[in-house]
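The structure appears right after this line, and notes come after that.
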Amino acid sequence: QVQLVESGGGLVQPGGSLRLSCTASGGIFATHAMGWYRQAPGKQRELVARITSFGVTEYGDSVLGRFTISRDNAKNTTYVQMNSLKPEVTAVYYCNADIKTARWASFNNYWGKGTLVTVSS
């Protein structure tokens with residue numbers, strides 16, 4: 001069974017940095033896009049960043065220039081480096097990935113359980 005497990009969240013002061021990690025496991029044949037979304041209290045879930053298996057990246061408008069997404073295909077892991085953090089980015093950050101579990105299967109979309117990032121002094 002496919003699982004996405006996030007790590008790296010926590011409390012950080014404004015201006016600080018965090019790196020989130022997400023590893024996919026469980027019968028994976030191939031992984032296409034992996035990415036991060038976030039949801040703040042009372043708000044809709046929004047894109048933070050996505051990266052394809054070819055390294056093509058996409059960022060949400062609010063994080064351009066401050067967040068960097070990367071991935072290690074061999075480890076089925078994606079990372080997001082978050083710098084110059086501001087209180088308004090406080091949210092639960094969710095990992096997302098398109099994964100197929102067999103050569104003949106289609107890609108299905110999976111979500112992690114989320115990791116809380118709190119930016120506060």
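The values are calculated or read from the model by the stated rules, or taken from the named source; none is laboratory data. Predicted, not measured: the structure shown is a model, and the values here were computed from it. Heads up, the Cβs are rebuilt from the backbone with ideal geometry, glycines too, and the neighbour counts pull from every protein chain shown. Remember, those area values only see protein heavy atoms, side chains included, never the ligands or the DNA or RNA. Shrake-Rupley method; radii C 1.70, N 1.55, O 1.52, S 1.80 Å.
What are the chymotrypsin sites (Phe, Trp or Tyr not before Pro) within segment 18-120 that DSSP puts in a loop, where the Cβ has at most 16 other Cβ atoms within 10 Å?
Details: sites: 29, 36, 37, 54, 59, 67, 79, 93, 94, 104, 107, 110, 111; in loops: 29, 54, 104, 107.
Those satisfying the criteria are 29, 54, 104, 107.
Starting from the Cα of residue 43, draw a straight line to each of the aspartates and glutamates and keep only those under 14 Å, dropping any in the same chain fewer than 8 residues away.
Once the sequence-local aspartates and glutamates are set aside, what remains near residue 43 is 88.
When the chain is treated as a GNM, springs tying every alpha-carbon pair under 10 Å, which of 12, 80, 48 comes out with the largest mean-square fluctuation?
12
Go ahead and run the numbers for FRET between residue 32 and residue 121, Cβ-Cβ distance against an R0 of 35 Å, rounding to 0.05. Kindly include the intermediate steps, with their values, before the conclusion.
On the way: r = 39 Å, r/R0 = 1.12.
That gives a FRET efficiency of 0.35.
Starting from the Cα of residue 86, draw a straight line to each of the aspartates and glutamates and keep only those under 16 Å, dropping any in the same chain fewer than 8 residues away.
61
What dipole magnitude, in Debye to the nearest 20, does the chain give about its Cα centre under +1 on Lys/Arg Cβ and -1 on Asp/Glu Cβ? Don't jump to the answer; show the numbers that get you there.
Values: 12 positive and 7 negative charges, 29 e Å.
Charge dipole of the chain: 140 debye, to the nearest 20.
Sequence neighbours fewer than 8 away in the same chain don't count; with that in mind, list the lysines whose C-alpha is under 25 Å from residue 100.
Hits, sequence-local ones excluded: 75, 113.
Tell me the per residue accessible area of segment 2-121 using a 1.4 Å probe; a whole number in Å² is fine.
Computed with neighbouring chains in place, this is 53 Å² per residue.
In whole percent, how big is the carbon plus sulfur part of the accessible area of segment 39-121, probe 1.4 Å, protein atoms only? Can you show the working numbers first?
Working: 2340 of 4780 Å².
Carbon and sulfur: 49 percent of the exposed surface of segment 39-121.
Which residues does the label zone of residue 45 cover in segment 92-116, counting backbone N under 17 Å from a point 7 Å along Cα→Cβ?
Answer for this model: 92-99, 108-116.
GNM, the chain, Cα, under 10 Å: largest mean-square fluctuation among 18, 64, 47?
64
Where both residues lie in the chain, what percent of DSSP beta bridges are antiparallel, nearest 5?
Working: 40 of 43 bridges.
Around 95 percent of the beta bridges assigned by DSSP in the chain are antiparallel ones.
Using only Cα atoms, what Kirkwood radius does the chain have, in angstroms?
Numbers: mean 1/r = 0.0693 Å⁻¹.
Across the chain, the inverse of the average 1/r is 14.4 Å.
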